[in-house]
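The values are calculated or read from the model by the stated rules, or taken from the named source; none is laboratory data. From a predicted model like this one, the values you see are computed outputs, not experimental measurements. Note that each Cβ is placed from the backbone with ideal geometry, even for glycine, and that neighbours are counted across all protein chains shown. Areas reflect the complete protein model, heavy atoms only, side chains present, ligands, DNA and RNA absent. Shrake-Rupley method; radii C 1.70, N 1.55, O 1.52, S 1.80 Å.
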Amino acid sequence: MRRPWLPLAVATATALLGGQLAFAGSATAGSDPVAAKPSPAYPADSLRALAARVGLRIGTAVNADELGTNEKYTQITAEQFSSVTAENAMKWAEVEAVRGTYTWEKADQLVAFAEKNRQLVRGHTLLWHNQLPAWLSTDGYTTTLSNDEVKAALKEHIFAQMRHFKGDIWQWDVVNEAFDDNGQPRQTIWYKAWGGTGYIADAFRWAHQADPRALLFYNDYNLEFTGPKSNAVYELVKSLKAQRVPIHGVGFQGHLSTQYGYPDLQSNLERFAALGQKVALTEVDVRTLTKPDAVNVPVDALAPYAQESYWSRSLKACLAVRACISFTPWGFGDSYSWVPGWFSDPQAGAALIYDEQLNPKGQYHVLQQDLALAAGAPHRG
Ligand code: XIL
């Protein structure tokens, strides 16, 4: 897993396969033996083929249990997307549940799949307060380790994980969700061990040492809306830049809900891009109310149209901003979505672009249409 990733040029070669026009990815690095391998074909009207025309990567979060076992799921992952993110397989609790014993199998399988299918990988995530191994912390806010032990553990983790995947990861989410919705730094084990937010700069510096070619991202939710949180992260990025900390991008998770309105996403993408950052939509889903509930909230018959509109507008916001290099829905089939299991509102769901049987919904078709009409968008290069 140590081969450097190759930049994939815009889909160039076309071939008529089985009567269907298909694009094949073509790599630019001529002498590399892997680049010379024939690439798998994917449909000319797939999201990935359409997005490649403006140099945008369309990604998906991938469920490690379905990949390779569920045929339809696996085929859609390969055909529709040009970037993949492990939904869970690269999180600390998964890779080092037992201290000092690393388990890379699931993540390695995803990286191999991506390589075979000419996809780039978003690494998610090195530092977070959730899904930590129990030996480190059960809640992200308390630990039995000393401050020095916490610091050493983070350094070791970043080097171990990034070295394992060195050259295979396009974008790493180095720090995930360090601020709360009021724009205050979360008082996590990291914050406490460092006595402040200094851990963020250290994490980025270590990450850059471990894999100097990876694009290093800060990733969070609700950055889509202008407000205390988005402003706090903006100030953070400015200050990291002033300290010459190697940060290259800001990930906007994009967990939207028709209940809360559509955010001023494009202007937020623009202001972070103006700081010299790449930006990306990293975990998009658009949930809505799916059933009448006990307190008798009526289901809005217009909700599916609102969802299509949110999907379309968030993709267009990314397309309009040249620094927006990837657009990643957080999975693609409603039966695999984290939404119904996570949000306390039991009606929340239907958040993805394929239904529970993995058939494309209207939400898929609006994305496809927007990409088909995106020829005038700036090329990402
Ligand atoms: C979620 C996964 O989708 C779930 O399967 C898991 O149980 C919890 O985490 N923000 C993130 C992602 O950065 O890692 C989260 O993924 C969703 C919210």
Could you check, for region 231-253, whether at least one of its residues is at pLDDT 95 or above, under 24 Å from Ala61 (Cα atoms) and charged (D, E, K, R)?
no
Write out, first by first residue and then by second, each pair whose Cβ atoms fall under 6 Å of each other, whose residues are 6+ apart or on separate chains, and whose first residue, in region 165-179, is closer than 15 Å to Ser83 by Cα while the second is modelled with pLDDT under 95 and within 12 Å of the ligand (Cβ to nearest atom).
none
Give me a count of the residues in region 223-235 that are in contact with a strand residue (DSSP E or B) (Cβ under 7 Å, 6 or more places away or on another chain) and not β-branched (Val, Ile, Thr).
4
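Residue by residue through region 178-200, note down the ones that are open to solvent by less than 20 Å² (accessible area, probe 1.4 Å) and assigned to a loop (DSSP other than H, G, I, E, B).
Ala178, Gly183, Thr188, Gly196
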Segments classed as helices (runs of 4 or more DSSP H), wholly inside region 65-171, with at least 2 members that are farther than 20 Å from Trp338 by Cβ and either charged (D, E, K, R) or within 16 Å of the ligand (Cβ to nearest atom) (or both):
71-80, 105-116, 147-164
Being within 16 Å of the ligand (Cβ to nearest atom), surrounded by 15 or more Cβ atoms within 10 Å (Cβ to Cβ) and in contact (Cβ under 8 Å) with a residue 40 or more places away in the chain is the requirement here; does Trp311 meet it?
no
Residues satisfying the stated conditions in region 322-347, i.e. away from the ligand (no atom under 13 Å from the Cβ), touching a residue at least 12 places away in the same chain (Cβ under 8 Å) and either open to solvent by less than 10 Å² (accessible area, probe 1.4 Å) or under 20 Å from Asn130 (Cβ atoms) (or both)
Cys324, Ser326, Phe327, Asp345, Gln347
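Out of contact with any helix residue (DSSP H, G or I) (no Cβ under 6 Å at 6 or more places or on another chain), within 16 Å of the ligand (Cβ to nearest atom) and of a type in the set (D, E, K, R): is that true of Lys229 in this structure? Quick ask: steps written out before the conclusion?
Numbers: out of contact with any helix residue (DSSP H, G or I) (no Cβ under 6 Å at 6 or more places or on another chain): yes; within 16 Å of the ligand (Cβ to nearest atom): yes; of a type in the set (D, E, K, R): yes.
Considered against the rule, which asks whether it is out of contact with any helix residue (DSSP H, G or I) (no Cβ under 6 Å at 6 or more places or on another chain), within 16 Å of the ligand (Cβ to nearest atom) and of a type in the set (D, E, K, R), Lys229 comes out as yes.
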Verdict on Trp194 being closer than 20 Å to Tyr141 by Cβ and in contact (Cβ under 8 Å) with a residue 60 or more places away in the chain
no
